[in-house]
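Visitor: Okay, handing you the structure first.
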Amino acid sequence: MATPRKILTVFGTRPEAIKLFPLVHALADDPRFESRVCISAQHREMLDQVLDIAGIVPDHDLDLMTPGQTLDALTARALVEIGAVLDEEKPDWVVVQGDTTTVMAGALAAYYRKIPVCHVEAGLRSGDIYHPWPEEVNRRVVGGFAALHCAPTETAREALLRENVDRENVHVTGNTVIDALQWVTARIAQEPSLACGLADLEARFSGKRIIGMTSHRRENFGEGMQNIANAVKDIASRDDVAVIFPVHLNPNVRAVMKEQLVGLDNVALIEPLDYPHFARLLDISHIMLTDSGGVQEEAPALGKPVLVMRETTERPEGVEAGTAKLVGTDTNTIVRETNRLLDDGAAYAAMARAHNPFGDGHSAARIADLLASA
Ligand code: UD1
Ligand code: UDP
């Protein structure tokens, strides 16, 4: 049998871990590969929550997170420390996913050693380098030299071709987030206790429609976050709704949300949920209000209308399919659009249709086959 290919998968944040665990599982079970995992731990608690549920024990944990870290300091440390792991492991391929600092630094460290990079979730483009910031540029950097581009959708593939990426290196694989969501849904079905921790809140808010909420984008810090908090206050003044808001651990998010929203009757500010509990929150929510990338992909799969608190999106598929709507960060617009969905049954029904523009749940297997044959 041929020598297995050594694949080093590098990631650092919650969403990368969620979208890469299906691939890490697939590589681990496949004799064509020798799989290694390196986490930068750009996130700590929020990353560990995913590692726990997915049963992943990294071979290298760089433990890079510092409170309130800056983009440049994190980038510099990640580049040097991931580089050292590459020198030790000497993998045949490096796999990264998405658009974070870890992704850019991990890919660059591989490029500096002429190790080919597989970019999962390649080709998402908003066309605006400040929305999302700095993720749009992180993704473009990796797109400039990856050897294998796993585009989740045809739209993403076309964006890469417009940038003159060699078409032979671009493959539409679907997004592994759907693999992850299906996996966690099956785990919860086997073991319901994995997602039973919201029962008290569900009882407290019984009879009200739940709005699931997340917010963390850097470009929204300051005025945007303040506007979002004001919108939540307004929406939660209705007595027929309740907002469940797992607050991101970034101190820039927590400071505003705690100051503005603590103590409101119809708002539950809670700690970040592990993935099974977040899947449960998606399930019980009538509407999702978010600036997250991943949630824009998961909500359509579950037929949950999602109002996206961003000016642009690099994930137009949900908007085109009608389950997602861009509402920006203007307080009045967020409140108006939320109230419209709450009060206008036809508007709600038009958005609440389950469909899957982002994948079919078999993306990790496709990516593994590509890595075996590339
Ligand atoms: C990062 C990514 C963003 C991604 C988001 C997912 C960059 C520049 N940003 O943003 O693309 O959408 O993750 O959530 O790569 N913190 C903790 N514990 C944690 C995680 C974060 O305390 O488990 C706090 C720390 O103070 C940390 C701060 O949050 O310094 C910011 O973390 P960082 O990874 O730099 O940025 P995010 O806003 O989380
Ligand atoms: N998520 C989670 N717990 C939470 C909030 C979100 O597990 O409390 C999951 C969510 O299901 C999605 C991912 O985290 O898969 C999105 O991560 P985030 O919003 O932090 O980052 P982004 O997708 O915007 O990069």
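Each reported figure results from applying straightforward, stated rules to the coordinates on display, with no laboratory input. In this text the structure is predicted, and so the values were computed from the model without any measurement. Every residue, glycine as well, gets a Cβ built from its backbone with ideal geometry; the counts of neighbours run over all protein chains shown.
Visitor: List residues of segment 360-374, by number, whose backbone nitrogen lies under 11 Å from a label position 7 Å along Cα→C-beta of residue 2.
Guide: 370-374, by backbone N distance to the label point.
Visitor: Let's test the formula: R0 of 51 Å, r as the Cβ-Cβ distance of residue 234 and residue 372. What FRET efficiency results, to the nearest 0.05?
Guide: Efficiency, rounded to the nearest 0.05: 0.45.
Visitor: On to the next question. Based on the alpha carbon coordinates of the chain, what radius of gyration and maximum Cα-Cα distance (Dmax) apply, in Å?
Guide: 20.1, 66
Visitor: Turning to a different aspect of this structure: Go through segment 253-259 residue by residue and turn each phi into a ³J(HN,Hα) via Karplus (6.51, -1.76, 1.60, θ = phi - 60°); whole Hz please, and just put x for glycine and proline.
Guide: 7, 5, 4, 5, 5, 5, 4
Visitor: Let me make sure I get this right: for segment 1-97, a, b and c are the square roots of the gyration tensor eigenvalues over alpha carbons, sorted descending. Under 1.5 in a/c it's rounded, otherwise prolate if a/b > b/c, else oblate. Which is it?
Guide: Oblate, since a/c reaches 1.5 and b/c is not below a/b.
Visitor: Run the Debye formula on the Cα coordinates of segment 151-235, all scatterers equal and no solvent, and tell me log10 I(q)/I(0) at q = 0.13, 0.14, 0.21 1/Å.
Guide: -0.84, -0.91, -1.00
Visitor: Taking H as built 1.01 Å from N, whose amide H comes closer than 5 Å to the amide H of residue 267, not counting residues under 5 places away?
Guide: 243
Visitor: What list of ³J(HN,Hα) couplings, whole Hz, do you get for segment 303-311 from phi and the Karplus terms 6.51, -1.76, 1.60, once you set θ to phi - 60° and write x for glycine and proline?
Guide: x, 9, x, 10, 9, 9, 8, 9, 7
Visitor: While we're looking at this one, here's another question. Order of 213, 46 from fewest to most other C-beta atoms within 10 Å?
Guide: Starting with the residue having the fewest Cβ neighbours, the order is 46, 213.
Visitor: Where the centroid of each part is defined by its Cα atoms, how far is segment 20-93 from segment 181-198 in Å?
Guide: Result: 25 Å between the Cα centres.
Visitor: Hey, another quick one. So what J values fall out for segment 60-65 if you push phi through Karplus, 6.51 cos²θ - 1.76 cosθ + 1.60 with θ = phi - 60°, rounded to Hz, Gly and Pro as x?
Guide: 9, 10, 7, 6, 7, 4
Visitor: Hey, quick one: spin label on residue 52, modelled 7 Å out along Cα-Cβ, who in segment 6-26 has an amide N within reach, i.e. under 19 Å?
Guide: What the label zone holds, given the 19 Å backbone N cut-off, is 12-22.
Visitor: What is the distance, in nm, between label points placed 7 Å from the Cα along the Cα-to-Cβ direction at residue 87 and at residue 203?
Guide: 5.7 nm
Visitor: Then there is this: I'd like the FRET efficiency for residue 355 and residue 264, computed as 1/(1 + (r/R0)^6) with the beta carbon distance as r and R0 of 30 Å, rounded to 0.05.
Guide: The formula returns an efficiency of 0.30 here.
Visitor: Could you give the semi-axes, largest first, of the ellipsoid that matches segment 90-154, computed as the square roots of 5 times the alpha carbon gyration tensor eigenvalues and rounded to whole Å?
Guide: Value: 20, 13, 8 Å, ordered largest first.
Visitor: Could you work out the helix-only [θ] at 222 nm for the chain, with each DSSP H run of four or more residues adding -39,500 (n - 2.57) and the total divided by the number of residues, to the nearest 500 deg cm²/dmol?
Guide: -14000 deg cm²/dmol
Visitor: Okay, moving on. Which order, highest average first, do 258-265, 336-343 follow once you tally other Cβ atoms within 10 Å for each residue and take the mean per peptide?
Guide: My ranking of the peptides, most packed first, is 336-343, 258-265.
Visitor: What does the C-alpha gyration tensor say about the overall shape of segment 64-198? Classify as rounded when a/c is under 1.5, otherwise prolate if a/b is larger than b/c, or oblate.
Guide: oblate
Visitor: State the Cα centre-to-centre distance between segment 119-155 and segment 261-300 in whole Å.
Guide: 26 Å
Visitor: What does the C-alpha gyration tensor say about the overall shape of segment 189-286? Classify as rounded when a/c is under 1.5, otherwise prolate if a/b is larger than b/c, or oblate.
Guide: Cα axes put segment 189-286 in the oblate bin.
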